[in-house]
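A quick write-up on the structure given underneath.
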Amino acid sequence: IFNNISTYGSLTKLFHWLTAAGLIVQIPLGFYLVDLDFDQTRIDIENYHILFELIIFYVILLRLIFKLLTPAPDFKVSAFLGQKFISKLNHLFLYLTLLTVTSSGILKKLFNGESIVIFFKKINFAVRQSWYCIQVLHQLELQLMQIQIPVPLLPDKLLLYEIHCEMKILPIPQVQHQ
């Protein structure tokens, strides 16, 4: 079940093939979702897409933890040093890519104001309002720079952000150029 000095164990192979199977399902499903109109079918398929995404995310985390706890087989005879280095670099980039893609899907849901279950805990941030306020603050900074008014220092920005968001003021009026 565990890795030994000459071969990968069955648990490592299981993690590998679960990840591969998940990606074989996810990639076509993602391309299919792009062309769908917004209706109940799209919502249902997107929910399955998210479910598979979270499964892949958990499998990758378990795989990385298992990889830290179990030594990899030593293939000194069959590979030269450059090949081993490229293999390790390839695996690093593969893990980073998979974690980035799954994390971006999670962040997309949160930024849209939807909730998501991670580690058996329902997470629902009020990110949409905060994101809107950050964009408004950035637009205000750009407008102030266009009319050559010095941009406020950080504490002033935070005060403006707090006032703007707490009072639920919608768009800041455009500053007229002189």
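The values are calculated or read from the model by the stated rules, or taken from the named source; none is laboratory data. Small disclaimer: the values here were computed from a predicted structure and weren't measured. Methodologically, a virtual Cβ is constructed for each residue, glycine included, from the backbone with ideal geometry; neighbour enumeration extends over all protein chains shown. Just so you know, the surface numbers come from the protein's heavy atoms only, side chains and all, with ligands and any DNA or RNA stripped out. Shrake-Rupley method; radii C 1.70, N 1.55, O 1.52, S 1.80 Å.
May I ask which of LYS13/LYS109; LYS13/LYS88; LYS13/LYS84; LYS67/LYS108 have a Cα-Cα span longer than 22 Å here?
LYS13/LYS109; LYS67/LYS108
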> Can you list the trypsin sites (Lys or Arg not before Pro) in the stretch 60-105 that are in a DSSP coil and have 16 or fewer other beta carbons within 10 angstrom?
Replying inline: LYS76
> Tell me, what % of the accessible area of the stretch 4-126 is carbon and sulfur with a 1.4 angstrom probe?
Replying inline: 73 percent
>> For the ranges 43-56, 20-33, what's the packing order if you count other beta-carbon atoms within 10 Å of each residue, average per peptide, and put the highest first?
In response: 43-56, 20-33
